[in-house]
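Okay, structure first, notes after.
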Amino acid sequence: MKKTIIVGLTGSFGTGKSTIASMFKDCGACVIDTDHIAHELLEWDGDCYHSVVSVFGPGILNGQTISRSKLATEVFDDSEKLKCLESIIHPAVERKMLEAIKGCGNDEKAQIIVVEVPLLFEAGYDRHMDVIVVASSSLAQQHSRIAEHRRMSKDEVNKRIQAQWSLTDKINRADYVIDNSKNLTNTKKEVMKVWTKLAEEQEL
């Protein structure tokens with residue numbers, strides 16, 4: 001009888017986690033994006049909105065909306081402020097993540113549930129996962145991808161990367177590593193290899 005497998009997908013800033021998550025979804029995985037959960041929590045009616053505004057003040061707002069760029073500037077220049085933000089956000093994200101995992105698992109058939117979590121180890125969410133997959137690419141590629149999709153300086157990118165565990169440390173704790181340093185065709189092949197292994201594990 002098949003079993004449900006919960007996969008924690010992580011990596012570093014700009015290693016292509018979302019691209020890989022999308023490929024897993026195409027394979028049939030139930031995909032949960034914790035970044036999306038965090039964004040919802042910071043919206044006007046979100047669980048963390050008032051706590052974050054209370055702590056960091058109206059300077060992080062555009063009107064009544066929390067500006068993610070203003071908040072990021074505030075916390076990535078001060079490690080203590082970053083820790084404070086994480087102490088508010090991480091428990092709430094964890095609750096919503098576990099609810100989403102339970103929701104995926106409510107289907108009658110066994111599921112492979114892929115949870116995309118940038119700070120999987122840093123937040124301690126890895127304890128909820130059966131399997132860890134890390135997206136890997138070079139530092140130059142990380143900068144290139146972020147420059148293509150976001151308007152951020154090299155200094156800003158480096159602050160984000162340095163605020164996380166090193167990619168090497170994450171790779172050392174992974175069950176599978178997906179090389180996202182080449183083209184999308186190669187990445188898809190890497191994803192399919194892992195998907196086949198996960199499907200085999202479902203049968204054990």
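Points to keep in mind about this one:
- Highest to lowest packing among 188-201, 25-38, scored as the average C-beta count within 10 Å: 25-38, 188-201
- Order by protection proxy (mean Cβ within 10 Å, highest first), peptides 77-89, 123-135: 123-135, 77-89
- The calculated Kirkwood hydrodynamic radius for the chain is 17.9 Å, given to one decimal from all distinct C-alpha pairs.
- Region 63-105-region 136-170 distance, computed between alpha-carbon centres (Å): 19
- Counting only Cβ charges, +1 for Lys and Arg and -1 for Asp and Glu, the dipole size of region 30-121 around its Cα centre is about 80 debye.
- Note on the chain: helix-only mean residue ellipticity at 222 nm, from DSSP H runs of 4+ residues weighted -39500 (n - 2.57) and normalised by residue number, equals -16500 deg cm²/dmol.
- Oblate is the label for region 84-141, because a/c, from the alpha-carbon gyration tensor with a ≥ b ≥ c as root eigenvalues, is 1.5 or above and a/b does not exceed b/c.
We did not get these values from a lab; they are worked out from the coordinates using the rules stated. No experiment lies behind these values; they were computed from the predicted model shown. Neighbour counts run over all protein chains shown; Cβ positions are idealised from the backbone, glycine included.
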